[in-house]
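**Q** Dumping the structure here so I can ask a few things about it.
All of the numbers you see were taken from the coordinates with simple rules; none came from a lab. Predicted model only: the values in this text are computed from it and were never measured. A quick note on method: Cβ atoms are made from the backbone with ideal geometry, for glycine too, and the neighbour counts reach across all protein chains shown.
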Amino acid sequence: MGCGARQSSAMDRPRITIVIARAQNGVIGRDGRLPWHLPADLKRFKALTMGSAMVMGRKTFESLPGLLPGRRHIVLTRDPGWAAQGAEVAHDVDQALRLGGGEPVSVIGGADIFRLFLPLADRIELTEVLEEVQGDTCITDPRERGRWRETFNEDHAAADGRPAFSFVTLERA
Ligand SMILES: NC(=O)c1ccc[n+]([C@@H]2O[C@H](COP(=O)([O-])OP(=O)(O)OC[C@H]3O[C@@H](n4cnc5c(N)ncnc54)[C@H](OP(=O)(O)O)[C@@H]3O)[C@@H](O)[C@H]2O)c1
């Protein structure tokens, strides 16, 4: 291969951001839904994902209230027969990224898909819910896997019966 030739397909990879909210004990979901209602987090989620190709697990897709405007929905499933209106179906990570077509990718969960994409992610937009929460779907603290640099941290106090939380941005170091 000549000096000017491109060697790494990583150069062609889109920028991958994981957008996820996690309680202090690792919980992200309960009974197929989010265990909390945090309007500020939903607003931030919308701003962060708008215009991106969202990649998600089939269960997360089915937990959405409907298609989210202004964003593509790339859905991972092992079921060759699965289809849903507005969903672009992928059966593995490479296929999901190919479908993204080089657009910035937002990986939005759930736990299975978080684990698949964590080694590939450039950035994590983490909402830390500062409580132990009951649930059935958990992820590890992403800072335990790989080296991350915190570039943003914004604390929000508990209010109106809702838990305190922090918005944290982690960039791969
Ligand atoms: N707190 C947050 O930020 C957040 C974000 C997202 C979701 N959630 C919550 O998390 C829960 C859902 O998450 P989950 O972990 O149970 O499910 P999920 O990751 O959304 O979806 C799991 C499904 O993805 C497919 N899948 C997994 N690994 C795959 C692979 N290697 N290749 C192809 N397909 C694969 C399978 O679909 P098939 O079964 O169709 O084969 C699997 O059943 C809900 O409670 C949801 O509300 C929370």
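**Q** Considering only the other residues whose Cβ falls under 10 Å of the Cβ of Q24, what net charge follows from Lys and Arg at +1 and Asp and Glu at -1?
**A** Values: positive: R22; negative: E128, E131, E132, D141.
Residues close to Q24 contribute a combined charge of -3.
**Q** Could you bin all the Cα-Cα distances of the chain into 5 Å bins starting at 0 and give me the percent of pairs in each, rounded to whole numbers?
**A** With a bin width of 5 Å, the distribution comes to 1, 8, 17, 21, 20, 16, 8, 4, 2, 1, 1, 0, 0.
**Q** Separate question: Taking amide H atoms as placed 1.01 Å from N in the peptide plane, list the residues 5 or more away in sequence, or in a different chain, whose amide H sits under 5 Å from that of L68.
**A** Placed amide hydrogens put nothing under 5 Å from L68.
**Q** At most 14 other C-beta atoms within 10 Å and a DSSP loop state: those are the exposed trypsin sites (Lys or Arg not before Pro) I care about. Give me the longest piece of the chain that has none. Don't skip to the end; give the middle numbers.
**A** Values: sites that count: R6, R15, R78, R145, R147.
Answer from the scan: 79-144.
**Q** Loop-only GluC sites (Glu not before Pro) in region 74-143, please: DSSP not H, G, I, E or B, and at most 12 other Cβ atoms within 10 Å. Intermediate results must be reported in sequence, preceding the final value.
**A** Numbers: sites: E88, E125, E128, E131, E132; in loops: E131, E132.
Passing sites in region 74-143 are E132.
**Q** So if R0 is 41 Å, what FRET efficiency would L130 and D79 give, r being the distance between their Cβ atoms, rounded to the nearest 0.05?
**A** Working: r = 37 Å, r/R0 = 0.90.
Rounded to the nearest 0.05, the efficiency is 0.65.
**Q** Moving on to the next point. Of H156, V168, Q85, which is farthest towards the positive pole of the chain's charge dipole, taken about the Cα centre with +1 and -1 on the beta-carbons of Lys, Arg and Asp, Glu respectively?
**A** Final value for the positive-end residue is Q85.
**Q** Just from its helices, what would the mean residue ellipticity at 222 nm be for the chain, if runs of 4 or more DSSP H residues each count -39500 (n - 2.57) and the sum is divided by every residue, rounded to the nearest 500 deg cm²/dmol?
**A** Calculated at 222 nm, the ellipticity per residue is -5000 deg cm²/dmol.
**Q** Another question, then. As I understand it, the value is the acute angle between the Cα axis of helix 39-49 and the longest principal axis of the Cα atoms of the chain; what does it come to in degrees, rounded to 10?
**A** With both axes taken from Cα atoms, the answer is about 10 degrees.
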